[in-house]
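Below is one structure, written out as structure tokens; the observations come after it.
The values are calculated or read from the model by the stated rules, or taken from the named source; none is laboratory data. Remember, it's a predicted structure, so these values are computed and weren't measured experimentally. Cβ: placed from backbone, ideal geometry, glycine included. Neighbour counts: every protein chain shown.
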Amino acid sequence: MILHFASRGSIRNLWLGMIALNLTAGAAAIGYAAGSSQPHVVFSHALADAPGKTLTAVVVDYPPGAKSKPHHHAGVVFAYVLAGAVRSQVNDEPPHVYQAGESFFEDLNAHHAISENASETEPARLLAVLVADTGATLTTYDE
């Protein structure tokens, strides 16, 4: 599927706005249960040029040492580290640590085996932008 947008400037402004919104919420993950990541949807919009598809932006806060359970997503994912460092392993690729400002992609049906804060002392924050079927369960954790 190819998505067409009106202009580069409008996409840049959308991304900058989403990032600014998330950064103003604070970089630290205060008040969350130790050891678990905390995802929350910050933006969702149906795609007019792709009927039946929705773009959803999710911020995942990782307290120091926090991890997500192995999982997969209902659609494709662009992930961007907003703060700290996130260790990730998708499918059979080797684990990789992504620093603030770095990004990665998860294709349809990818298995996200490792998703965790790479630090035991500093929080991390990740922006995940998903394109999936409208109404789909975005994340399914392994049993």
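Couple of notes before you dig in:
- Residue match in segment 8-20 (condition: in a loop (DSSP other than H, G, I, E, B) and at pLDDT below 95): no
- On the stretch given as segment 100-134, residues that are touching a residue at least 60 places away in the same chain (Cβ under 8 Å) and surrounded by fewer than 16 Cβ atoms within 10 Å (Cβ to Cβ) total 2.
- For TYR98, the requirement of being among the aromatic types (Phe, Trp, Tyr), more than 17 Å from VAL131 (Cα to Cα) and modelled with pLDDT of 95 or more is met.
- Counting residues in segment 39-58 that are in contact with an Asp or Glu (Cβ under 7 Å, 6 or more places away or on another chain) and closer than 20 Å to TYR141 by Cα gives zero.
- Whichever residue in segment 104-143 is polar (S, T, N, Q) and not in a strand (DSSP E or B) and, among such residues, is farthest from LEU47 (Cα to Cα): THR121
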